[in-house]
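Novice: This structure is in structure tokens; I'll ask about it shortly.
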Amino acid sequence: MHEDTDFDPPPIDTETPSVARMYDYLLGGTDNYVADRVACEQLLRIVPDTRALALNNRAFLRRVVRVLADRYGIRQFVDHGSGLPTRDNVHQVAQAVDPSCRVVYVDNDPTVLAHGRTLLDEDDESTLFLQADMRRTDDILDRPLVREMIDFDRPVAALFVSVLHCIPEQDDPKALVRRVAAKLCPGSFLVVCQLVSDDPSVREGVTRFMAEATDGNWGEVRPREAVHDFLEGLEIMPPGLMEVTDWHPDTEPRVLQSDDFIEYGGLARVR
């Protein structure tokens, strides 16, 4: 595994919940701290479906990467907000289709960097771990190590899986997606899904709780129309944008959840 960072990683803050570590806990992982577990249990009291949602989202990530590699022949991936390495990481799913697949992981959490060093060491040549703020699009995609790993003259899949809700509206997540799309050649793809709710009280309650729990390292739960806005001007691929368990479902069982609080998204192609 190659590694690149914006800076010397700060000490890991074990007292403030981390979105990446909370997600790890919801998936049944062990790379989390008491503060993360307490915050998750509080969130589960607000929205009991949160654990099911996280499990379904991870299954969507596996499916969409497999579809991109197998059906569309994509061999290069940039995973924005990759989170803690766990089972069936992007490079493992893609390389099961073709061992030549190459992956750049981007995350700004120092915990993710620390565990990435350990858990992704098995693949020295075809993965790059980049500690960076994914909002710095030009800086990230123009770095020499990224350019060595990814040939932007060939199709690339840029993944924004369950991460845009970590970006507040004032930082313009729609503009971020557009900047990344502008860097990619025709035939490339973007994967976008994010937490949505049609219930304003759910959107406001979860957004407020997560902003307070993570000391402001959060964006917002949005209405599903926002996801359509993110991908405006791109070609939405079948079967369209939807609750992610309905996107190319396979034999993997859906974990039951309500429709009040979902991951919504899909796949779009750069024309």
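Every number here is computed from the coordinates shown, using simple stated rules; none is lab data. None of these values were measured; they are calculated from a predicted model. Here the Cβ is made from the backbone with ideal geometry for all residues, glycine too, and neighbour counts use every protein chain on show.
Novice: Neighbour counts of other C-beta atoms within 10 Å: give me Tyr23, Tyr72, Tyr105 arranged from fewest to most.
Specialist: Ordered from fewest to most neighbouring Cβ atoms within 10 Å, Tyr23, Tyr72, Tyr105 come out as Tyr72, Tyr23, Tyr105.
Novice: Turning to a different aspect of this structure: With +1 assigned to the C-beta of every Lys and Arg and -1 to the C-beta of every Asp and Glu, and no other charges, what is the dipole magnitude of the chain about the Cα centre in debye, to the nearest 20?
Specialist: 720 debye
Novice: Remind me, what semi-axes does segment 2-269 give for its equivalent ellipsoid, largest first in whole Å, using sqrt of 5 times each Cα gyration tensor eigenvalue?
Specialist: 26, 22, 18
Novice: May I ask for the Kirkwood hydrodynamic radius of segment 20-93, worked out over all distinct Cα pairs and given in angstroms to one decimal?
Specialist: This gives a value of 13.5 Å.
Novice: For the chain, what is the relative contact order in percent, using Cα pairs closer than 8 Å and at least 6 residues apart in sequence?
Specialist: That works out to 21 percent.
Novice: Continuing with this model, one more query. If you build a Gaussian network model of the chain, linking Cα atoms that sit under 10 Å apart, which residue out of Asp13, Asp49, Asp133 swings the most?
Specialist: Residue with maximal mean-square fluctuation among Asp13, Asp49, Asp133: Asp13.
Novice: Please find, in a Gaussian network model of the chain (springs between Cα atoms separated by less than 10 Å), the residue of Ala211, Ala20, Ala157 whose mean-square fluctuation is greatest.
Specialist: Of Ala211, Ala20, Ala157, the most mobile in the Gaussian network model is Ala211.
Novice: Just need the relative contact order of segment 33-100 here, percent rounded to a whole number, with Cα pairs under 8 Å and 6+ apart.
Specialist: 32 percent
Novice: Once label points are set 7 Å from the Cα along Cα→Cβ at both Thr14 and Asp171, what is their separation, rounded to one decimal in nm?
Specialist: My value for the distance between the label points is 2.6 nm.
Novice: With a ≥ b ≥ c taken as the square roots of the eigenvalues of the C-alpha gyration tensor of segment 220-271, please select rounded if a/c is under 1.5 and otherwise prolate if a/b is larger than b/c or oblate if it is not?
Specialist: It is oblate, given that a/c is not under 1.5 and a/b is not larger than b/c.
Novice: In whole angstrom, how far apart do the alpha carbon centroids of segment 90-106 and segment 125-173 sit?
Specialist: 15 Å
Novice: Next up: Which percentage, to the nearest 5, of the DSSP beta bridges contained in the chain is antiparallel?
Specialist: If I count the DSSP bridges inside the chain, around 35 percent turn out antiparallel.
Novice: Can you tell me which of Thr16, Thr30, Thr127 moves the most in a GNM of the chain? Springs connect C-alpha atoms under 10 Å apart.
Specialist: Fluctuation is largest for Thr30.
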